[in-house]
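Data block below; observations after.
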Amino acid sequence: FESTIHGVRPTKRAELLALKAGLAFAELRQAAAEIARAKGHEKGGTVIGAMPLARTHLAPAAVAAFSAAHPHHRVSIVDGAYEDLLIALRRGQADILVGALRENSAMKDIFEEPLFDDLLSVVMRPGHPAEKGALDRDVLTSFPWIAPRATSPLRVHFDAMFAALESPAPEDVIECNSLSAARVLLINSDRLMLLSDEQIRYEKAANMLVSRPHPVSNVARTIGLTMRRNWRPTAAQAALLAALLHSEVGLRS
């Protein structure tokens with residue numbers, strides 16, 4: 001350990017040891033699951049780190065389909081900030097991350113597998129003044145907004161939209177990465193938000209929210225899987241990965 005201005009914390013070598021130890025224990029759990037399967041007793045588990053879009057439908061739909069065929073394989077869906085989920089993945093505390101890709105080329109121990117491109121829309125409440133008519137710069141800058149937090153890929157698209165419109169971003173902005181909180185804000189105000197239709201599929205079906213196409217062009221972010229580079233899934237985990245892929249195909253059909 002070492003003393004810092006923030007208190008006592010592990011040294012960098014100790015943190016690296018903890019990282020490697022966590023991965024070693026994760027591999028032992030994988031081995032136990034494979035041995036049990038060889039004996040005819042399926043067991044084991046998978047932890048999925050789900051980012052905002054993935055946890056609205058993609059991950060739950062895949063897990064529901066998978067669990068029907070593999071009832072003895074334990075699946076946990078956890079959410080949180082991307083940075084926290086990435087730490088859990090690298091430590092062996094999570095097996096797969098599902099959501100918007102970050103292109104972390106500097107991290108050699110992880111890799112990203114794209115699933116699909118997710119088109120973005122401007123979301124609002126039904127009956128909003130901007131629901132009909134031109135969705136131009138004057139309209140978009142005359143209403144308050146809900147914006148993603150600064151470190152998210154969606155924030156890059158938010159800022160790029162106003163840059164393309166040659167307009168500064170609105171000053172009346174609430175930063176929010178929680179869809180449940182954003183839903184309440186959108187329904188009860190004239191705020192706008194840049195989201196994908198996939199994230200609000202149930203709200204649109206219930207006529208709680210509506211959306212309009214991106215005002216600049218067909219703008220999309222890449223949704224995919226993030227995994228450890230040297231991770232070798234068990235047979236059950238491979239089936240879960242296939243279920244995630246099948247669920248993605250269902251989204252696009």
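The values are calculated or read from the model by the stated rules, or taken from the named source; none is laboratory data. Computed from a predicted model, the values in this text were never measured in an experiment. Heads up, the Cβs are rebuilt from the backbone with ideal geometry, glycines too, and the neighbour counts pull from every protein chain shown. The accessibility values were calculated without ligands, DNA or RNA, using every heavy atom of the protein model including side chains. Shrake-Rupley method; radii C 1.70, N 1.55, O 1.52, S 1.80 Å.
Couple of notes before you dig in:
- Yes/no for Leu192 being out of contact with any Asp or Glu (no Cβ under 7 Å at 6 or more places or on another chain) and open to solvent by less than 40 Å² (accessible area, probe 1.4 Å): yes
- Single residue of segment 73-86 satisfying the filter (of a type in the set (A, V, I, L, M) and open to solvent by less than 70 Å² (accessible area, probe 1.4 Å)) that is nearest to Glu103 (Cα to Cα): Leu86
- Restricting segment 199-224 to residues that are surrounded by 17 or more Cβ atoms within 10 Å (Cβ to Cβ) and in a strand (DSSP E or B), the residue that is modelled with the lowest pLDDT: Arg221
- Residue count for segment 48-66, restricted to those that are more than 11 Å from the chain's Cα centre (by Cα) and open to solvent by 40 Å² or more (accessible area, probe 1.4 Å): 3
- Lys39 falls short on exactly one of the conditions (1) closer than 30 Å to Ala182 by Cα; (2) over 26 Å from the mean Cα position of the chain (by Cα), and that condition is (1).
- Across segment 121-154, the number of residues qualifying as without any contact (Cβ under 8 Å) to a residue 60 or more places away in the chain and open to solvent by less than 40 Å² (accessible area, probe 1.4 Å) comes to 7.
- First in segment 186-197 and within 8 Å of Arg125 (Cα to Cα) and in contact (Cβ under 8 Å) with a residue 40 or more places away in the chain, second anywhere and open to solvent by less than 30 Å² (accessible area, probe 1.4 Å) and charged (D, E, K, R), Cβ under 9 Å, 6 or more apart: Leu186/Glu203; Ile187/Glu203
- Val173 being touching a Phe, Trp or Tyr at 6+ places or on another chain (Cβ under 8 Å) and within 21 Å of Ile200 (Cβ to Cβ): yes
- Some residue of segment 102-115 being open to solvent by less than 20 Å² (accessible area, probe 1.4 Å), within 25 Å of Ile200 (Cβ to Cβ) and modelled with pLDDT under 90: no
- Among (1) touching a residue at least 40 places away in the same chain (Cβ under 8 Å); (2) surrounded by fewer than 17 Cβ atoms within 10 Å (Cβ to Cβ); (3) farther than 30 Å from Ala181 by Cα - the single one His70 does not satisfy: (2)
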